[in-house]
Amino acid sequence: MIRFILRRLAQAVPTLLVVVTVSFFLMRLAPGGPFDLERPLAPAALENLRRVYGLDRPLIVQFGSYLAALAQGDLGPSFSFRDMSVLDLIARGLPVSALLGTLALVLATGLGVGLGIAAALRRGGVIDRLLGIGAALTLSLPSFVVAPLLQIAFGLTLRWLPLSGWADGAPSHLVLPVITLALPQVGALARLTRASLGEILRTQPVRTMRSLGLPPIRVTRHALRGALLPVVAYLGPLAASLLTGSVVVETIFGLPGIGRYFVEGALNRDYTLVMGTVLLVAGLVMTLNLAADLACAWLDPRLRVAT
Amino acid sequence: MRLARMPGALASLTVLILIALACLIGPALTGHDFERAYPDLRQLPAGLPAQPDAAHLGPALERLAFRMRVRLDAVEREGDALRLTLASDAGVDRRSLVYLPRSALFGAPMIVEERDGGRTLVVAVPLRRLYFPLGTDVQGRDLLTRCLAAGRISLAIGLAASLVALLIGVAYGATAGFLGGAADAVMMRFVDVLYALPFVFFVILLLVFFRPSLTLMLVAIAAVEWLDMARVVRAQTLSLRERDFVRAAHALGVGAPGIIARHIVPNTLAPVAVTATLLVPQVILLESFLSFLGLGVQEPQTSWGVLVADGARSIEAAPHMLAAPAAFLIATLVALNLFGDALADALDPSAG
């Protein structure tokens, strides 16, 4: 097990290196720079700025010094947020995105897995049939359509909840973004749970347990352990994408999370901020995937041997 | 074919065909060009009555009279025509009458009577009847035509990007699965690495830093979406590789490319069809997401994502502007997802 974790961590280093390299050179090869303002700066001022931020050096030297700083955990100063380092900005944005993501993850998992189990236990029942359509529907509802509709319904018409804004994480400001984030995943998780539990319920061991007269609750509990494997495997990347913030949801609801900082950074050619957020997302994706794999190995002893 | 006996599959297929046909030939039938703006008929709500109606005719005539530098002394309506009495102390300039047909609300004007030595002019002008079943947008463009024209782009991108992703994924997956061993391990490790990359962020970066263009978006979407297909095809190939007909082909001296093309790929068609059907809605969703952020399809071209973004901006004043394109988008996605599900069920031998 320890060896497995170590090997995965060793694999993460080259992957992160690819992420750094691709995003670094992608940004630098593109036209435009962080100091292209609507009113152009005086050439001397521009020259000074470029020297202060080290942009006048050859690209490969800049890349080297970025990597050296990165190895010490320094993501550099932000270009567009004055006197802020990228780490400061991440420390501000990550709690926002993580809070929203965690709530959405809990909501989606609870509802989705619950509905999936109910549907699998009563195939062809009311829940099962509604789920067939409902899952396809929630999967097909883009968050950028759901969000304005929720704003209209609960913000403008009913006036129950604020339209947008963060307000230091006041609960009323969290409701609509969390629902928007969770909704498509409820359908996906329910469908996944239904499919894998349904498959296991048809296998020989389960039939044997039933024919031996085991109470249905205990049969389900046994079956569930195996059925949750694909669900847990899916939760890894899902958690990563929810925790690192949704660009659309944070933009529409005006929330100061990671997704927002990423978009602003990209639009302002804030090289270091973009690199920092991309690295953060990549790191989280890999960590949570590893966590999901470990959870799968815990659930299914066969996987422990294979890895 | 089990698929034909599934009402859901048939219904969603019908919906898809109808939407595709409507988008293909619809823009030619609505009577409007998708770029034609009627400045006097902005943000009309959805409805069947002919336009301009009484509520819009008055203000439109006022604006025209101001532009023609005349006073509007009387307006009489006779069926489909108007009789306008125009007056100006400096004399009515007949050349200014061209403003009437130019507004697209009226036909060619005819002078009926001239009074006061040219200072008053009575003009008969036919009123055009325009129909906007889904209303108009902020610039007064017909929303139905725009939704259909947008659908062309959205569907075309969905199909084209899915096709590219399908070709890459099938070729890659079949090769990895057939070669097996070290080559397979390296190739699939590469896929794992790509899975861990924050691709949506890369696509956004690419489109922000280089100017958004259709080609760039196609490439970016296809580059993101081929991974699932590669995994599906590889898993299928691994089991096919050991089958007798593949071994027989091998024994007969058929080379690896020949076996992959003739024996492996055709036998992976069922799961590939399912994955591809479910891929198209994902691609359309990604495209409309990028267009919503302003990074995808650019004016004057339009897509459902662009229209939804427009609608979301003016949602308080004109909710129909969000509802119409959103309905098209969601109907297409639901139908594609349901059809993909039905296809998976029909092709799954273990399901009842």
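Selection of the range A:228-252 for residues being closer than 17 Å to A:LEU279 by Cα and either of a type in the set (S, T, N, Q) or at pLDDT below 80 (or both) yields A:PRO237, A:ALA240, A:SER241, A:LEU243, A:THR244, A:GLY245, A:SER246.
From the list B:ASP116, B:ASP142, the one residue that fits, being acidic (Asp, Glu) and at positive phi, is B:ASP116. So which residues in the range A:156-182 are outside any helix (DSSP H, G or I) and within 14 Å of chain B (Cβ to nearest Cβ)? Hits for the range A:156-182 are A:ARG159, A:LEU163, A:SER164.
When A:LEU37, A:LEU75 are screened for being at pLDDT below 85, in contact with a Ser or Thr (Cβ under 8 Å, 6 or more places away or on another chain), at negative phi and more than 14 Å from chain B (Cβ to nearest Cβ), only A:LEU75 passes.
Of (1) free of Cβ contacts under 8 Å to residues at least 40 places away in the same chain; (2) surrounded by fewer than 17 Cβ atoms within 10 Å (Cβ to Cβ), A:ARG123 satisfies all except one. Which? The single condition A:ARG123 does not satisfy is (1). Scan the range B:162-221 for residues that are more than 33 Å from the chain's Cα centre (by Cα), in a helix (DSSP H, G or I), away from chain A (no Cβ under 11 Å) and of a type outside the set (A, V, I, L, M) and the total you get is 5. Those helices (runs of 4 or more DSSP H) of the range B:236-349 in which 1 or more residues are surrounded by 18 or more Cβ atoms within 10 Å (Cβ to Cβ) and within 11 Å of chain A (Cβ to nearest Cβ) occupy B:269-292, B:304-313, B:320-347. Only one of the numbered conditions (1) under 27 Å from B:VAL200 (Cα atoms); (2) surrounded by fewer than 19 Cβ atoms within 10 Å (Cβ to Cβ); (3) in contact with a strand residue (DSSP E or B) (Cβ under 9 Å, 6 or more places away or on another chain) is violated by A:TYR53, and that is (1). Against the condition surrounded by 12 or more Cβ atoms within 10 Å (Cβ to Cβ) and either away from chain B (no Cβ under 11 Å) or assigned to a loop (DSSP other than H, G, I, E, B) (or both), how does A:GLN185 come out, does it pass? Here the answer is yes, as A:GLN185 does meet what is asked. All told, A:THR208 meets the bar of being more than 22 Å from A:LEU137 (Cα to Cα), more than 21 Å from the chain's Cα centre (by Cα), among the polar types (S, T, N, Q) and not in a loop (DSSP other than H, G, I, E, B).
Let's see how each residue does on (1) touching a residue at least 60 places away in the same chain (Cβ under 8 Å); (2) under 20 Å from B:ILE157 (Cβ atoms); (3) of a type in the set (Ser, Thr, Tyr):
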{"residue": "B:THR215", "(1), (2), (3)": "no, yes, yes"}
{"residue": "B:LEU227", "(1), (2), (3)": "no, yes, no"}
{"residue": "B:ALA248", "(1), (2), (3)": "no, no, no"}
{"residue": "B:ALA256", "(1), (2), (3)": "yes, no, no"}
{"residue": "B:ARG262", "(1), (2), (3)": "no, no, no"}
{"residue": "B:THR268", "(1), (2), (3)": "yes, no, yes"}
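Considering the conditions (1) in contact with a helix residue (DSSP H, G or I) (Cβ under 6 Å, 6 or more places away or on another chain); (2) surrounded by fewer than 18 Cβ atoms within 10 Å (Cβ to Cβ), A:HIS173 is excluded by exactly one of them, (2). Screening A:ALA195, A:ALA147 for residues that are within 13 Å of chain B (Cβ to nearest Cβ) and surrounded by 21 or more Cβ atoms within 10 Å (Cβ to Cβ) leaves exactly one candidate, A:ALA147. Residues considered: A:GLY116, A:GLY112, A:GLY101. Of these, the only one that is in a helix (DSSP H, G or I) and in contact with a Lys or Arg (Cβ under 7 Å, 6 or more places away or on another chain) is A:GLY116. Restricted to the range B:133-146, and to residues that are closer than 14 Å to B:PRO27 by Cβ and assigned to a loop (DSSP other than H, G, I, E, B), which residue is nearest to the chain's Cα centre (by Cα)? Filtering first and then ranking leaves B:LEU134. Taken over the range A:5-29, the criterion of being without any contact (Cβ under 8 Å) to a residue 24 or more places away in the chain and at the interface with chain B (Cβ under 10 Å from one of its Cβ atoms) is satisfied by A:GLN11, A:PRO14, A:VAL18, A:VAL22, A:LEU26, A:LEU29. Listed by position, the helices (runs of 4 or more DSSP H) inside the range B:1-118 whose residues that are under 30 Å from B:PHE339 (Cβ atoms) and away from chain A (no Cβ under 14 Å) number at least 3 are B:7-29. Residues in the range A:244-290 that are facing chain B (nearest Cβ under 10 Å) and in contact with an Asp or Glu (Cβ under 6 Å, 6 or more places away or on another chain): A:GLY259 only. Given the structure, is B:SER96 out of contact with any helix residue (DSSP H, G or I) (no Cβ under 8 Å at 6 or more places or on another chain) and hydroxyl-bearing (Ser, Thr, Tyr)? The answer is no for B:SER96.
The values are calculated or read from the model by the stated rules, or taken from the named source; none is laboratory data. Note that the structure is a prediction, hence the values are computed from the model and not measured. All Cβ positions, even for glycine, are placed from backbone atoms using ideal geometry, and neighbour counts span all protein chains on display.
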